[in-house]
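One structure is given here, and the rest of the page talks about it.
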Amino acid sequence: MSRPMSATAAPGTTAAAPREPQPPLPSFSQMIPAGGSRPPTSSSAGGPAAAKEESGNQGGGSGEGAEVGVAGAGPPERGTGKPPPRPIRLSGNRDLIIQVECTAGAVVLHPTRLRIPTTALTPRGDANPLVQAVRQMITRRQASVRPGETPYRPQVRFLVRPDGLRAFHLAYPALEALRLPMTRQDIGWGEEVRTP
C-alpha cells in the first residue's frame, strides 16, 4: 500500500510560493469603446496626418470628399455684368466718283476704260450705252455694301480734253436722266487720268 506524498519540502530546500491565477486578456472587440469611435492617439505617434484624420472623424463626417468653402461665397448673379460693346464698322469714304473722259471722237469711262464713240451718244434714256454702263457700275458697287453700312454716293466727273467739247455736250444731257451730281474738270493734252 503506497503512502501519500508529504507536502513538506526536503531538508535543505525552500518551498516555492504558489502562483496566483492571471486574469484573461481582453479581446479586440472589447478594446473599442461603445459608439464605434477609435481610441485617441497621440500626435507623436501618428504625426500631423493622424491628427488631421482624427479631427475629421470627430466632426461627424467620414473625412473623405469633404469640401472647404468660403463663407459668403456663391455663384455670380446674372445680369450684373455690362453687355459686350458692339463692333464698330468703319465705312470710310463712301463717295463713288465715276470719271467720264471726253475726247475728240469718244468718251472713256474710268476706271473700266470703256470707250464709247460720240456717234453712239445720240439716243436718250436707257438706250444710250453710256447711261447703261454708268448704271451697271453703280449697281455692282452698291451690291457690295453689307447690312448696316452706309451706301455709296455716286457722282459723275467729266474730264474734258481741249478737243472734247462736243463729246461733253453729248454725254452731259444723256446722263441727266440718272439724277446724279455732275461736275466738270478741264485737263490738258498729255495729262494722265488718275483714279480717285
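Some points to look at:
- Entry remark, the range 163-193: residues being more than 23 Å from Ala127 (Cβ to Cβ) and either of a type in the set (Ser, Thr, Tyr) or touching a strand residue (DSSP E or B) at 6+ places or on another chain (Cβ under 8 Å) (or both) number 8 in total.
- Pro147 surrounded by fewer than 16 Cβ atoms within 10 Å (Cβ to Cβ), in contact with a strand residue (DSSP E or B) (Cβ under 9 Å, 6 or more places away or on another chain) and in a loop (DSSP other than H, G, I, E, B): no
- The listed residue being free of Cβ contacts under 8 Å to residues at least 60 places away in the same chain and over 23 Å from Ala104 (Cα atoms), out of Pro129, Pro151: Pro151
- Condition check for Leu114: over 42 Å from the mean Cα position of the chain (by Cα), surrounded by 11 or more Cβ atoms within 10 Å (Cβ to Cβ) and over 18 Å from Cys102 (Cα atoms): no
- Selection within the range 84-123 - out of contact with any Gly (no Cβ under 8 Å at 6 or more places or on another chain) and modelled with pLDDT under 65: Pro84, Pro85, Arg86, Pro87, Ile88, Leu90, Ser91, Gly92
- All positions within the range 154-194 that are without any contact (Cβ under 8 Å) to a residue 12 or more places away in the chain and part of a helix (DSSP H, G or I): His169, Glu176
The values are calculated or read from the model by the stated rules, or taken from the named source; none is laboratory data. For clarity, every value in this text was computed on a predicted model and none was experimentally measured. Cβ: placed from backbone, ideal geometry, glycine included. Neighbour counts: every protein chain shown.
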